[in-house]
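Colleague: There's a structure below that I have some questions on.
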Amino acid sequence: MGKYFGDDGYRGEVNLTINPVFLYKIGRFLGWRCKNNLGQYTDVLPRIVIGIDTRRSSKMLESAVAAGITASGTDVYLLDIISTPAVAYITKNHNFYYGVMITASHNPYFDNGIKIFTTDGEKADESLLLQIEEYIDRESDAFDNEDITPFARRDEIGRVIPYEAGPKAYKEFLLSKISAQSPLKVALDCSNGVSSLYAREIFSNAAPACRIINDSPNGVNINLDCGATHIECLRAFMRENDMDIGFAFDGDADRCIVVDEAGEVLDGDQLLYVLARYLDANNRLKGNTVVGTLMTNIGLVHSLKKVGINCELTAVGDRAVYQYMKKHDYALGGENVGHIIFKDYATTGDGILSAIMILNVLSSTKKKLSSIAGEMKKYPHVCRNVITKYKREVVENMCVKREVERVKSAMGEKGRVVLRPSGIEDIVRVMVEHESQELCDQYAAEIEAVCVDTIKIIQQND
C-alpha cells in the first residue's frame, strides 16, 4: 500500500521503525478528524477508543496516541489489554468514531504497531491511511501541524477515560455464541497475548474441561515459542495430556490455528471447509459461497466445488476478504493463516469466536474434527520468503514475470503460482501449489532463484 501502512496496519520494531512521535501524530490527525466530523460519519459521537496487546511498549504507544487525540480536542476511551476483534466490535456497537488497536499481532515483543477501525468496525481504507501518512511526513517547525490541526485549548482539550463497559460487552457477545457446552478436553495456547486475560472465562462456559497454556504475559514473552506461529508447543501439550482438540491464538487473538484429536494441524483453509459444510447444512451459507484469498489452498476451492459450494478468491488480508463479503453479502470468509470472518457477527477475523464456532460444529454433528476436515484434499503447498527492500521492483521485473509464466505453463491445471510483495514486511512471497510435492518444491526453488538474481542486479544498479 503506502509508505507505512500495509495489508494489516502499520508495524515494525519500536523506536526504530515505529515510535511514539509517529503514534502521537496519528492521534493528532484522528482526533482532529473526529472532532470536526470529517468524513461520512457526522452522526457518531466524537470520541475514539483504544485497545492494546501485552507488549512492554504497548502502554507507551497508547499514551502517545491518546496524547495526540486529546491535544486535538477529542475524548479517548481506554480498553486496556484486549483483542483486535474486540476493538472492532466495540467501535461499531458502542458508537465510537474511530477504534485504535496497538499491536504487532504475531510479531516478536520488540515490534509493535497500530490498526485503525472506522465507526462501522471496519479496518480503515487506503484513502484514510494515505492521508495519515502524508500528515506524518509533513514538516513543521513547531513539531506539529497546527496550521492543519489546531491544538485544543482550555475546556476543549480531550479527556482520557477508562472504558470497562467495552470489554464486558464483548465477553457477553462471545458467550452468546456458545450453542452448547462441549464435553471435549480442550487445550488453549494463548501465546502470552491478549487472549490470556479472558480465554479462561469464556471457555469455562464453552468447554469446562479446558486447559490453558502460555497465559502469563510479562511484556516480553508474547508469541515467544508459542501460539499460532509455534504450533509445536500446543501439539506437545496435547500429546502429553491426552487432549481432544486444541486452539492456538496469535498475540492479538484475531486468528487461530487448530490441532485435531489426532494431533494434525488444521490451518484457516481447512477450518473454512469445516465451517462451510456446517453453515450450508443449516441453510446459513449466504450465496452458497465462501470467500478466500489468492493464498488460499486450491484444494479448498476444488473440495468445496465437489459438494456444491462456490469459493471466490480476493486480495490478501482480512480487510479485503471482509469488503468482498460485504459487497456480495456472503457470510463466511477467511485466510489460510487463520483469520476467519463470520460477517453476520463480526467485521474482522476473530480467533476466539472461530474456536467457539468450531466447538459448536462438533457439538452439533457429533463428529470428530479429523473426519470432517479430512474430506478436503489439500494440495502440496510451498511458500518461500525472499527478503528484499526492492519487493515492488522484483515483482514487476520482466525476467521474474517470464519465469512465473514458464512455471504456470508447465503446471497447467495441476497447480498454480502466486508471487506477491508482502504488505507489512520487506519480503516477496513465492507461493506454489501442485499435485506433486516434488514439483512443488522444484518450481518454488526455481522462481526464488530468479528473484534472488534479480535483486543482485537491482542492487548493483541502485
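Colleague: 7 Å from Cα along Cα→Cβ at both CYS383 and TYR345: what's the point-to-point distance in nm?
Modeller: So the label points at CYS383 and TYR345 sit 2.4 nm apart.
Colleague: Fully extended, how many nm does the chain gain between SER364 and ALA281 (0.36 nm per residue separation, minus their Cα-Cα distance)?
Modeller: 28.8 nm
Colleague: So, one more: With just the Cα atoms of region 197-261, tell me how far they stretch along each of the three principal axes, in Å, largest first.
Modeller: Sorted from largest, the Cα extents of region 197-261 read 30, 25, 19 Å.
Colleague: Then there is this: In µm²/s, what is D for region 275-331 at 4 °C and 1.567 mPa s, where D = kT/(6 pi eta Rh) by Stokes-Einstein and Rh is the Kirkwood radius from Cα pairs?
Modeller: 113
Colleague: Could you state the principal axis extents of the C-alpha atoms in region 219-315, from the largest down, to the nearest angstrom?
Modeller: Extents along the principal axes, in whole Å: 43, 31, 22.
Colleague: Taking each pair of different alpha-carbon atoms in the chain once, compute 1/r for the pair, average those values, and report the inverse of that mean as the Kirkwood hydrodynamic radius in Å to one decimal.
Modeller: For the chain, the Kirkwood estimate is 23.0 Å.
Colleague: Kindly state, to the nearest 0.05, the FRET efficiency for LYS456 paired with ALA165, given R0 = 56 Å and r defined as their beta-carbon distance.
Modeller: 0.50
Colleague: What's the ranking of 349-357, 280-288, 435-443 by average number of surrounding C-beta atoms within 10 Å, highest first?
Modeller: Ranking the peptides 349-357, 280-288, 435-443 by packing returns 349-357, 435-443, 280-288.
Colleague: Shifting gears a bit: Measuring with a 1.4 Å probe in the full set of protein chains, what accessible area per residue, in whole Å², belongs to the chain?
Modeller: Roughly 41 Å² per residue, with all protein chains present.
Colleague: Taking amide hydrogens as modeled 1.01 Å from N in the peptide plane, which residues meet the under 5 Å criterion relative to SER191, leaving out close sequence neighbours?
Modeller: GLY227, PHE249
Colleague: If I take R0 = 30 Å and measure r between the Cβ atoms of SER371 and ASN205 in this structure, what FRET efficiency does the formula 1/(1 + (r/R0)^6) give, to the nearest 0.05?
Modeller: Once the sixth-power term is evaluated, E becomes 0.70.
Colleague: To continue, here is another question. Nearest 5 percent is fine: what portion of the DSSP beta bridges confined to region 176-287 is antiparallel?
Modeller: Within region 176-287, antiparallel bridges account for around 45 percent of the total.
Colleague: Need one number: nm distance between label points at ASP242 and LYS414, each 7 Å from Cα along Cα→Cβ, rounded to one decimal.
Modeller: 4.5
Colleague: Around VAL14, with a cut-off of 14 angstrom between Cβ atoms, what is the net charge of the other residues, counting Lys and Arg +1 and Asp and Glu -1?
Modeller: Surrounding charge for VAL14 is 0.
Colleague: A further question follows. Two-decimal Rg/Rh of region 177-235 from alpha-carbon positions, Kirkwood Rh?
Modeller: 1.00
Colleague: With a bin width of 10 angstrom, please list the P(r) values of region 60-192 as percents of all Cα-Cα pairs, from the 0 bin to the one holding the largest distance.
Modeller: 10, 33, 34, 15, 5, 2, 0
Colleague: Another question about this same structure. Taking only the alpha-carbon positions of region 1-60 and ignoring solvent, what does the Debye formula give for the base-10 log of I(q)/I(0) at q = 0.22 Å⁻¹?
Modeller: -1.07
Colleague: Note down the accessible area of GLU396, probe 1.4 Å, to the nearest 10 Å².
Modeller: Around 120 Å² of this residue is reachable by solvent.
Colleague: Would you calculate a helix-derived [θ] at 222 nm for the chain, using -39,500 (n - 2.57) for each DSSP H run of n ≥ 4 and dividing by the full residue count, to the nearest 500?
Modeller: Counting only the DSSP helices, I get -12000 deg cm²/dmol.
Colleague: A follow-up question, please. Using the reciprocal of the averaged 1/r over all distinct C-alpha pairs, how large is the Kirkwood radius of region 307-428 in Å?
Modeller: This gives a value of 17.4 Å.
The values are calculated or read from the model by the stated rules, or taken from the named source; none is laboratory data. Note that the structure is predicted; figures quoted are calculated from it, not measured. Heads up, the Cβs are rebuilt from the backbone with ideal geometry, glycines too, and the neighbour counts pull from every protein chain shown. SASA here: full protein model, heavy atoms, side chains in, ligands and nucleic acids out. Shrake-Rupley method; radii C 1.70, N 1.55, O 1.52, S 1.80 Å.
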